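The values are calculated or read from the model by the stated rules, or taken from the named source; none is laboratory data. Fair warning: this is a prediction, and the values are worked out from it, not measured in the lab. We place every Cβ from the backbone using ideal geometry, glycine too, and count neighbours over all the protein chains shown. Ligands, DNA and RNA are stripped out before the accessible areas are found, and what is left, the full protein with its side chains, is counted by its heavy atoms. Shrake-Rupley method; radii C 1.70, N 1.55, O 1.52, S 1.80 Å.
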Amino acid sequence: MDQPLPQLDRLFDYLVPEGMDVRPGCRVRVRFGRRKVAGFVIAVKPSTDFAGKLLWISDLVSPQPVVTEEIAVLARAVADRYAGTMSDVLRLAVPERRVRVEAEAPAEVLPVAAPSSDHWKRYIAGEAFLRALHDTKSPRAVWTAVPGEDWPARFAEAAAATAAAGRGAVLVVPDQTDLDRLDAALEAVLGPDRHVVLSAQAGPTKRYRAFLKAARGDVRIVAGTRAAAFAPVPNLGLVAIWDDGDGSHVDRHAPYPHAREVLLTRAGLAKAACLVGAHARTPQAQLLVETRWAVSMTAPRGEIRSATPRIVPVGDESDLERDPSGGTARLPTVAWEAARAALAKDRPVLVQVPRRGYVPAVSCQRCRTRAACPNCSGPLRLLGPRRDPVCGWCGTVARDFRCAECGSNRVRAVVIGAERTVEELAQAFPDTPVVESTGVNRLESAPAGAAVVVATPGVEPAAAEGYGAVLLLDTWALLTRAELTASEEALRRWMNAVALARPDGTAVVVADGGLAVVQALMRWDPAWFAARELEERTELGFPPVMKFAALTGPNGEPEKLATDLPHDLGAEPIGPIPVDEHTERLLLRVRRRDGAALAATLAKATAERANAKADPVRVQIDPREIA
């Protein structure tokens, strides 16, 4: 039932009126208490073991099954893993109903031919992986793509091999841009009308139409963003996810599941093949390799060297001196020369900066104290040249700013944003177009010919023939973030940008070449760095080798919930730390093998608190900021 209350997270039995076309997976309305609520029929049985009085199903909303038996089992497993409720998971899995879409006639299932491609041969075990899919086996691999790899085409070929053997495939990507590329690749490899795309950006009608085509078995292949991990594909043979380290894969709604974990759970339940692909590699993916759940699929070193551009670190103070001809651009000499050489060959240049805006953070020019708002103490920023500082929290314009420490009224930039970088580069390269790509205004593709593209991480547009140079600026802003995943995330963002360069191009990373994360980038060896991270986290007791849960609620309440947990669970509390004046956050840590027990115990405790009408405490298993 559509009842998110944790104390009601179970199945309820109802009687089926005679003549009502009730089927497993269809939508109904039932009386619950004093009102009618929506629900899904999970199973239809001839009898019940419920000893009390049963009510009748009130209304049949739709006879169309939308929750298959496999998805029902998956939803229960995901709810249990994340200490959530099955109704919350089904709300993420099943899109809103559209009546007229259900009235449309089913389409004919079109055959899919086995792919003919030699591209997988460049990876160790790549050809064997594709052959196993075609032979209806269930291989599991963690794939590290080389720079310039047409990964949507490789995903499409894996899906085609699966579908040619009569099985289904679910492919999940981080965002709409990646989905558009995958959609085009599937169309090219499979032919028209042989797959569907599940995305919220398509609108409710198109999304529900695609969902029903999958549920009815009209197509065997579904591609989409994170919610597509629950797509009801019959006879599932392959689940695949691209760039599993991207934060977009984590749902923002309870119980906050990660698409990778949903797909791994689904692969285990359905005995399907699994492909975790990316240019970088997460410690979670490396753990799959080290526990032999999956094999590592990488290219030989010679293949990697031929596909990777020259990567140059710039870390010494002498290297950071500006070229006199660089004008106001904050480019080290090596970066300036790489950009100038690429533009001279009529090739575009990509410049990655970590923040959008003009100057997102400023400090006192004299004492370097972070500039704070006189009204709310929030961080001040600049929105443009010759503009007064503005508070990033309350919007107050600090026209008469004075440093609280030394009294100076002058500020300096702490972080340079994309807008300011565009301004600087336009002065440095006056005869070259300089464009910006950010999350607010994203470019679909880079301009042809000589041009400079300034982009924030994750929204770098692809160039038709690759970039002649890629410049990674202000790398310290990524590396010094107060997060467990700072280095891992920095490497992921850098590799995704460098992968857009031509093999004969140059990538310049403004960072110390002695850092392990920079070494991994230079050698294009994310597996080595992921193994190193995993080893360090094992020693320190951090995810993914340990399971964490975050409890967030009114002051004192998370501690009360943690105190009631059984002692034999061995949950170690960390904190609490204040979130704001009235809210705190407490972390619980257990051994990985006790993760399921922790989730079950927290789900039970949450239900008991809800039944007692205690203040709610939000529970997050594997919180993003430390997972």
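When each of the peptides 6-13, 164-171 is scored by the mean number of other C-beta atoms lying within 10 Å of its residues, the order from highest to lowest reads 164-171, 6-13.
The value of relative contact order for region 62-187, using C-alpha pairs under 8 Å at least six residues apart, is 20 percent. Round to the nearest 10 and give me the degree value, 0 to 90, for the angle of helix 418-428's Cα axis relative to the longest principal axis of the chain. It works out to around 30 degrees.
Quick check: with the 1.4 Å probe, what order do 383, 287 take by accessible area, largest first?
Numbers: 383 75, 287 25 Å².
Sorted by accessible area, descending: 383, 287.
From the Cα gyration tensor of region 80-197, with a ≥ b ≥ c the square roots of its eigenvalues, which class applies: rounded if a/c is under 1.5, or else prolate if a/b is larger than b/c, or else oblate? Prolate shape, in that a/c is at least 1.5 and a/b is the bigger ratio.
How big is region 503-627 by the Kirkwood estimate over distinct Cα pairs, in Å? Walk me through the numbers on the way to the answer.
Working: mean 1/r = 0.0593 Å⁻¹.
About 16.9 Å for region 503-627.
To the nearest ten degrees, helix 526-540 and the longest principal axis of the Cα atoms of the chain are 70 degrees apart.
What percent antiparallel are the DSSP beta bridges of region 357-514, to the nearest 5? Of those bridges, close to 50 percent are antiparallel. Protection proxy ranking, highest mean first, for peptides 215-222, 198-205: 215-222, 198-205, where packing is the per-residue count of other beta-carbon atoms within 10 Å, averaged. Note on region 35-74: Cα-Cα pairs beyond 14 Å make up 60% of the total pair count. For region 234-280, the alpha-carbon radius of gyration amounts to 1.19 times the rule-of-thumb value 2.2 N^0.38 Å expected for a compact globular protein. Here the accessible area is traced with a 1.4 Å probe on the protein chains. For region 249-317, carbon and sulfur cover 52 percent of it.
Overall size of region 431-544 from C-alpha positions, given as principal axis extents largest first: 52, 32, 21 Å. Computed on the Cα atoms alone, the convex hull of region 7-126 gives a volume of 211 cubic angstrom per residue.
Can you give the longest run of the chain that contains no GluC sites (Glu not before Pro) sitting in a DSSP loop with at most 15 other Cβ atoms inside 10 Å? All intermediate terms of the calculation are to be shown ahead of the outcome.
Values: sites that count: 18, 96, 104, 108, 317, 321, 405, 444, 465, 483, 581, 625.
The reported range is 109-316.
Describe numerically, in nm with one decimal, the distance between label points set 7 Å from Cα along Cα→Cβ at residue 612 and at residue 205. Taking the simple label geometry, residue 612 and residue 205 are separated by 5.1 nm. Extension gain for residue 341 to residue 22 (0.36 nm times residue separation, less C-alpha to C-alpha distance): 107.9 nm. As a fraction of the 1.4 Å probe accessible area of region 416-479, surface on carbon and sulfur atoms comes out at 49 percent. Among the lysines of the chain, pairs that are 8 or more positions apart or on different chains and have alpha carbons within less than 28 Å of each other number 21. Each principal axis of region 45-100 carries a Cα extent, and these read 35, 32, 17 Å when sorted largest first.
Rolling a 1.4 Å probe across the protein heavy atoms gives region 145-224 an accessible surface of 29 Å² per residue. For the chain, the longest principal axis of the alpha carbon atoms and the long axis of helix 176-190 meet at an angle near 70°.
Label region 145-184 by shape, choosing from rounded, prolate and oblate, from the square roots a ≥ b ≥ c of the eigenvalues of the Cα gyration tensor; if a/c is under 1.5 it is rounded, and otherwise prolate applies when a/b is larger than b/c, oblate when it is not. Cα axes put region 145-184 in the oblate bin.
Across every direction, the projection of the convex hull enclosing the Cα atoms of region 344-388 has a mean area of 5.4 nm².
Does region 543-609 come out rounded, prolate or oblate, given a ≥ b ≥ c as the square roots of the eigenvalues of its C-alpha gyration tensor, rounded meaning a/c under 1.5 and, failing that, prolate meaning a/b above b/c? Note, shape of region 543-609 comes out oblate. Calculated mean residue ellipticity at 222 nm for the chain: -9000 deg cm²/dmol, from DSSP H runs with n ≥ 4 weighted as -39500 (n - 2.57), summed, divided by the residue count and rounded to 500.
Taking only protein heavy atoms into account and a 1.4 Å probe, give the accessible area per residue of region 245-290 in Å². Walk me through the numbers on the way to the answer.
Values: 1250 Å² over 46 residues.
Counting only protein heavy atoms, the per-residue value for region 245-290 is 27 Å².
The Cα trace of the chain gives Rg and Dmax of 26.8, 87 Å, the first to one decimal, the second as a whole number. Compared with the alpha-carbon gap, the fully stretched path from residue 396 to residue 464 is longer by 20.1 nm at 0.36 nm per residue.
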